[in-house]
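Each value in this text was obtained by applying a stated rule to the coordinates, not by laboratory testing. Small disclaimer: the values here were computed from a predicted structure and weren't measured. Because the Cβ atoms are built from the backbone with ideal geometry, glycine has one as well, and the counts that use them run over all protein chains shown.
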Amino acid sequence: MATISFTAPRVAAFQCEPGKRQSIHWDTDTPGLGLRVTAGGARAYIFESRLHGKTVRITIGNANAWPLKKARTEAARLRVLIDDGKDPREQKAEQRAAHEARKAEDRRHEATVAEVWDEYLKSQRSKWSKRHHTDHVNLAQVGGEKKKRGKGLTVPGPLAPLMKLKLSGLTAQTVSDWLNAESQTRPTNSEQAYRKLRAFIRWCEDREEYAGIIQQSAYSSRTVREAVPKTNAKDDCLQREQLPLWFGAVRKIENPVISTYLQALLLTGARREEMAALRWDDVDFRWRSLHVADKVETETGRVIPLTPYLAWLLLGLKRINDTPPNVRQTRRLEARGETWQPSPWVFASKTAADGKLAEPRIAHHKALDSAALPRLSLHGLRRSFGTLSEWVEVPVGVVAQIQGHKPSALAEKHYRRRPLDLLRMWHDKIEAWMLGQAGIEFAPEQVAPGLHAVK
């Protein structure tokens, strides 16, 4: 198309040639400056020239936003670059990259601990157990929300004071001051929070977008290490001579679900969450086995023996669970628009939000007090199983496999995976010894676990 001296009225009057998708009008006064007009009415200034034998075409901008004088100035600038052998497109790409780099750097230094903490939790979700993930959430919660159980509001987690800081604000001084303050009221939680914060900072160091923002001294300096509260591992454990009092008190708990649950913890050595999450589909009465979720084998879980006395206890719970409600209870359900269904949980709870037992400690503490026994944590029951098993001279590897511990020796790790029937032989001996020490007369029937008699 012929060139023409651009003026504002002429530029406004330029049209796309009929039958074409676009037309380009060229300015005689500014070499390389053109106006592209499309069939749809879009209008944009462009610049065209040749560099190293190839055509270079660059869009300057929308004609409605760019005054003609400014477009000519930009075209002249591009001409200077071309004459110097520089490609304006490359320069623009470099400028864009530099701009994005500056923005990324700004984001790096403006990012708060809370923002990156959420990203950290999402990236690790598939690698962690549900409980481990929940621990991280609770340690960083801001608090002030209504409690899911009980009255009142939740309290801030130990990590909450750090969440509002920028990543660059995590310094040795900040972390040591935080530890000194938190350890005054909750040393154990503070020590756990420090270990999780340390893992978080290391994760940040491995990420390109956050590397170098937090100094390693934020968790490894001497002032920080000295501020970490020294906590002693719990060693609460039932003694052999305490078994009669403990079983006697726990079996008197009016709630059969809690009573059975506590005995199951002692008789299996399982973790409290593993046992609480047990479903009826996980219980095999015929082959006497329990399929429990596992902290280590998170995907497959582990299968452990179902000992005779525990099988008898669980059958009692199943009868209760499978018994339909009476007429009055049925009417109450119908009034609420609900229908009765057996609970899928072995240790069901009508008051818990998710339908399974959530808080058995109160009943356990009352039972311990009634028997004049020292306070014993639920994890102490797991510890008691491993300790009391030594009275039966059970191989350590058997106990570890039942409890779901990682193999601690090369032979155990690669050459010892005991089948269920071998575990059952030893597990039955452990249970029989505990019941004998507790003075519980129990005659297991090998064929029909439901017909076991207990006195």
Express the Stokes-Einstein translational diffusion coefficient of segment 3-108 in µm² s⁻¹, to the nearest whole number, given a Kirkwood radius over alpha-carbon pairs, 25 °C and a viscosity of 0.890 mPa s. 163
Once you put a point 7 Å from the Cα of D421 and another 7 Å from the Cα of N255, both along the Cβ direction, what distance in nm separates them? 4.0
For segment 209-361, the Cα-Cα pair-distance distribution in 10 Å bins from 0, as whole percents, is 9, 28, 26, 17, 12, 8, 1
In nm, the gap between the two label points placed 7 Å beyond Cα toward Cβ at Q124 and T174 is 1.8
Pairwise over distinct Cα atoms, reciprocal of the mean inverse distance: report the Kirkwood radius of segment 111-227 in Å, one decimal place. 14.7
Cα centroids of segment 133-212 and segment 361-375: how far apart, whole angstrom? 33
Students often forget the sequence filter, so: which aspartates and glutamates lie under 20 Å Cα-Cα from K92 once same-chain residues fewer than 8 apart are removed? E48, E74, D83, D84, E100, E105
How would segment 48-186 be classified by its alpha-carbon gyration tensor: rounded, prolate or oblate, with rounded meaning a/c under 1.5 and the a/b versus b/c comparison settling the rest? prolate
Solvent-free Debye scattering, log10 I(q)/I(0), computed from the Cα coordinates of segment 240-454 at q = 0.10 Å⁻¹: -0.46
Any idea what the relative contact order of the chain is, in percent, if you count C-alpha pairs under 8 Å spaced at least 6 apart? 11
If the cut-off is 15 Å between C-alpha atoms, which aspartates and glutamates fall inside it for K356, apart from same-chain ones fewer than 8 positions away? E273, E274, D281, D282
As I understand it, the value is the acute angle between the Cα axis of helix 172-182 and the longest principal axis of the Cα atoms of the chain; what does it come to in degrees, rounded to 10? 40
Using only alpha carbon pairs under 8 Å that are at least six residues apart, calculate the relative contact order of segment 111-227 and give it in whole percent. 27
Please state the shape class of segment 110-171: rounded when a/c is under 1.5, otherwise prolate if a/b exceeds b/c and oblate if not, all from the C-alpha gyration tensor. oblate
Quick one: if you take sqrt(5λ) for each eigenvalue of the C-alpha gyration tensor of the chain, what semi-axes come out, biggest first, whole angstrom? 72, 29, 23
Where Cα atoms sit under 16 Å apart: lysine pairs in segment 111-227 separated by 8 or more or lying on different chains: 4
